[in-house]
Structures are given as structure tokens and as C-alpha cells.
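See below for the structure under consideration.
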Amino acid sequence: HDATVALSADGQKLYIYLDDMTRGSGNIYECGLKGTIWTKPDRLNDNVNTKYHESSAAPSPDGNLLYFASAREGGFGEHDIYKVLWDVKKEKWGEPENLGPIINTPYEEEGVFLHPDGKTLYFSSEGHNSMGGYDVFKSVWDEKKKKWSKPENIGYPINTPDHDVFFVLSANGKHAYFTSIKTDTY
């Protein structure tokens with residue numbers, strides 16, 4: 001199973017998911033654009049990837065921060081959202097930090113997306129009073145308080161009683177794309 005996960009703001013790095021281990025225990029890889037050709041996928045380091053399932057990622061606009069979903073041990077639920085900072089001196093991703101109980105619940109968090117404003121996080125969750133299944137939520141980073149706002153369910157018609165996940169919003173906020181897994185569709 002291979003999947004596109006994210007594209008950097010400058011369009012030069014493509015993040016992909018590869019099911020490279022036992023079925024369902026995949027990792028996040030990065031490809032670089034060299035002219036018009038993408039480089040071979042390079043597995044992100046062990047601060048991001050583990051023997052568990054890492055499924056989605058979202059780079060900050062400057063590329064120095066990466067949010068990702070992981071089923072690693074020690075979280076609040078099955079999949080939690082974490083962040084890592086790029087260590088310029090060591091040229092690798094630093095130690096992961098769980099975003100904590102404001103964002104993560106005892107249920108599933110998935111499909112993380114950081115808006116190009118660099119402070120608005122969209123993600124899907126089965127917690128936070130979802131309508132059922134996964135719903136898309138929005139949280140905004142408060143730089144003064146150094147914390148995320150309480151996640152806000154973005155509501156119907158995007159969210160339904162079925163699974164609504166992998167939400168991506170254009171920079172101007174006029175177009176959104178997402179996956180909706182409904183019982184009455186293909």
C-alpha cells in the first residue's frame with residue numbers, strides 16, 4: 001500500500017506512506033524534486049517512524065516542523081498526533097512530542113493537515129464528540145499561551161455519521177478536499 005501524504009509548501013518535498021513492514025505497519029518517506037524528477041523515497045528517521053503504524057504527516061510552511069500520526073506506545077489512544085522539529089546541526093528530525101490531551105483522545109486521531117498559515121491544524125478524530133466515525137476538527141495554536149485551542153468540529157455537510165478524514169484546505173480557504181467513507185457509496 002502506497003499513498004501520498006503531503007506536499008511541502010514550496011512543492012519540492014513529497015511525503016508518502018509506504019506499507020513497508022508487516023501489513024498495516026507502514027512508515028513515512030520523503031522524496032525530493034530534482035528538476036522534473038522525484039528522488040527515490042527516503043525513510044524518515046526513527047524519531048518519526050517506529051515498528052508501529054505511522055500514517056499521515058504535515059510539514060510546516062518553512063519545513064522545520066513536521067506533525068504526524070502514529071500508533072506508537074505511550075500515547076493517549078490508538079493513533080495520536082505528534083510533532084518533531086528539524087535539527088539543523090544534526091540534519092535529522094528531533095525527538096517526537098505528543099500534542100497532548102487537548103488534541104489527542106483515547107480514540108483515534110488521523111489525517112493531520114497544517115494549513116499554510118502555520119498555526120491552524122486540521123485532523124480527524126473519533127473522539128471530541130464526533131458525529132460518528134471520524135470527523136474533521138480544527139485547532140489553532142496560540143503563540144502567547146503556547147497551547148492549542150479546544151478542537152472545533154467543522155460540522156455538517158463535511159462531517160457526517162460516517163468516516164470523514166484526510167481533510168486538506170487551500171491557502172485561500174475556498175476549496176477543501178477530503179475522503180468520506182459512507183455506507184451508501186462505492
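Considering only region 131-149, state which residues are part of a strand (DSSP E or B), of a type outside the set (Gly, Ala, Ser) and touching a residue at least 12 places away in the same chain (Cβ under 8 Å). Correct list: ASP135, VAL136, PHE137, LYS138, VAL140, TRP141, LYS147, TRP148.
Quick one: is SER60 closer than 18 Å to PHE167 by Cβ, hydroxyl-bearing (Ser, Thr, Tyr) and modelled with pLDDT of 95 or more?
Numbers: closer than 18 Å to PHE167 by Cβ: yes; hydroxyl-bearing (Ser, Thr, Tyr): yes; modelled with pLDDT of 95 or more: yes.
Yes: the conditions hold for SER60.
From the list LEU66, LEU33, the one residue that fits, being within 26 Å of SER125 (Cβ to Cβ), aliphatic (A, V, I, L, M) and at pLDDT 95 or above, is LEU66.
Among the residues of region 67-78, is any in contact with a Gly (Cβ under 9 Å, 6 or more places away or on another chain) and either closer than 26 Å to ALA171 by Cβ or of a type in the set (D, E, K, R) (or both)? Yes - at least one qualifying residue is present in region 67-78. Could you say whether any residue in region 95-105 is modelled with pLDDT of 95 or more and under 17 Å from TYR17 (Cα atoms)? No, there is no match, as no residue in region 95-105 is modelled with pLDDT of 95 or more and under 17 Å from TYR17 (Cα atoms). So for region 92-101 (the condition being farther than 17 Å from ILE28 by Cα, basic (Lys, Arg) and more than 12 Å from the chain's Cα centre (by Cα)), does at least one residue qualify? Scanning region 92-101, I find no residue that is farther than 17 Å from ILE28 by Cα, basic (Lys, Arg) and more than 12 Å from the chain's Cα centre (by Cα), so the answer is no. Give the residues of region 150-175 that are touching a residue at least 40 places away in the same chain (Cβ under 8 Å), surrounded by 16 or more Cβ atoms within 10 Å (Cβ to Cβ) and over 17 Å from the mean Cα position of the chain (by Cα), sorted by residue number. Result: no residue meets the conditions. As a summary of the residue check, PHE166 satisfies the conditions (1) on the phi < 0 side of the Ramachandran plot; (2) touching a strand residue (DSSP E or B) at 6+ places or on another chain (Cβ under 9 Å); (3) modelled with pLDDT under 95 except for the one numbered (1).
Listed conditions (1) farther than 27 Å from ASN153 by Cα; (2) hydrophobic (A, V, I, L, M, F, W, C); (3) buried (at least 19 other Cβ atoms within 10 Å of the Cβ) are all met by ILE103, apart from (1).
The values are calculated or read from the model by the stated rules, or taken from the named source; none is laboratory data. All figures in this text were calculated on a predicted structure; none of them were measured in a lab. All Cβ positions, even for glycine, are placed from backbone atoms using ideal geometry, and neighbour counts span all protein chains on display.
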